[in-house]
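Taken together, the values in this text are just the output of simple stated rules run on the coordinates, not laboratory data. Computed from a predicted model, the values in this text were never measured in an experiment. No Cβ is skipped: glycine too gets one built from the backbone with ideal geometry, and neighbour counts run over all protein chains shown.
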Amino acid sequence: MIPPQFEYYAPSSVDEAVALLRRFDGEAKVLAGGHSLIPLMKLRLAEPKALVDINRIPNLAYLREEDGYLRIGATTRTGDLLDSALLRKSYPILTDAAQEIADPLVRNLGTVGGNVCHGDPGNDLPACILALGAVLAVTGPTGPREIPAAEFYRDTFVTALEPTEILTEVRIPKARSHQGNAYQKIEKRVGDFAIAGAAANLVVDGAGRIETAGLALTGVGPTVVPATAAAAALVGEVLSETHLANAARLAEAATDPSGDLRGPVAYKRAMAGVLVRRALERALARAKGGS
Ligand SMILES: Cc1cc2nc3c(=O)[nH]c(=O)nc-3n(C[C@H](O)[C@H](O)[C@H](O)COP(=O)(O)OP(=O)(O)OC[C@H]3O[C@@H](n4cnc5c(N)ncnc54)[C@H](O)[C@@H]3O)c2cc1C
């Protein structure tokens, strides 16, 4: 399939990119890795009048701890997450997720910003950034603003981002001691989108009691599903079989999957519960210093 005709721009600054988006008044799209947008255009499910390619904007691809945050620039490739020793050590949930995103070809081009902004319930990074309590830094015609990840996802392919705004950075609170996290996913075949996925982030005290918990789910709702009640029920507890079962039950109750080629509703819901258990167990082991 061939996409309809469009204009192409490659701005060299965020301000220039925002001005272009503004000029097209909602009819232009940001182009990052293109691995989600271009297929949609080929199917004519997206028909932007112009593409604003942000790949030539300098200093938008980086990954570093600074001023209390892990900061990930929007055009950082998902493959870079997999290669990072810092993430493997302190934010292994992102290594887990990157490992599960498609294949090396997709990871070499697909960006963190694109994965986060696309709003596809099958994307793996949104659940991770929700569980980690991230904030999204965006810039638009009125300047920069921050949007908590928990307020970013509205519906399938619908986010809080205005059509004239660009995501510049994902800000994740810097890892604390006794923090552990994990992402678990099942797929029909290697490299596929999730049947279901679960992201868990825990901070425990010296006695193993949970101080903070974050949980979110992939592929089991119109957009990423925060499992807020399941996470809240864990705070103050020492994780036991009863707590795991309760968290799985509450997480399942938060889901709203649709039946499709990846499985029927009941199966996806049950898998969400199974994966929440596995993600919590691994997150706890990591919080206690395991791998
Ligand atoms: C075969 C295949 C398998 C895949 N499997 C998986 C998988 O298992 N898990 C998974 O998570 N993903 C998967 N993907 C999707 C892949 O990870 C995409 O790369 C990702 O979803 C989008 O990133 P991108 O950089 O390619 O974004 P693009 O396709 O360029 O853009 C996607 C959307 O985000 C917007 N956008 C991008 N960057 C910004 C920004 N900085 N600011 C504002 N808006 C922006 C674009 O305008 C567009 O609407 C797969 C893709 C393919 C082709």
- Task: Mind counting the residues in the range 172-225 that are among the polar types (S, T, N, Q), touching a Leu at 6+ places or on another chain (Cβ under 8 Å) and within 16 Å of the ligand (Cβ to nearest atom)?
- Result: 1
- Item | Enumeration of residues in the range 148-183 that are among the hydroxyl-bearing types (Ser, Thr, Tyr) and in contact with a helix residue (DSSP H, G or I) (Cβ under 8 Å, 6 or more places away or on another chain) | Tyr153, Thr159, Thr164, Thr168, Tyr183
- Message: Against the condition crowded, with 23+ Cβ neighbours inside 10 Å, away from the ligand (no atom under 13 Å from the Cβ) and part of a strand (DSSP E or B), how does Ala231 come out, does it pass?
- Response: no
- Please work out which residue is nearest to Asp25 (Cα to Cα), limiting yourself to the range 37-84 and to residues that are part of a helix (DSSP H, G or I) and among the acidic types (Asp, Glu). Asp80
- Query: Does the range 90-97 include one or more residues that are in contact (Cβ under 8 Å) with a residue 24 or more places away in the chain and within 11 Å of the ligand (Cβ to nearest atom)?
  - Reply: yes
- Extreme residue, farthest from Ala85 (Cα to Cα), among residues of the range 59-73 that are buried (at least 17 other Cβ atoms within 10 Å of the Cβ) and not basic (Lys, Arg): Leu60
- Note on the structure: Out of (1) over 22 Å from Arg71 (Cβ atoms); (2) touching a strand residue (DSSP E or B) at 6+ places or on another chain (Cβ under 9 Å); (3) in contact (Cβ under 8 Å) with a residue 60 or more places away in the chain; (4) more than 8 Å from the ligand (Cβ to nearest atom), the one Val14 does not meet is (1)
- Task: Within the range 48-96, work out how many residues are under 27 Å from Val190 (Cα atoms) and among the aromatic types (Phe, Trp, Tyr).
- Result: 1
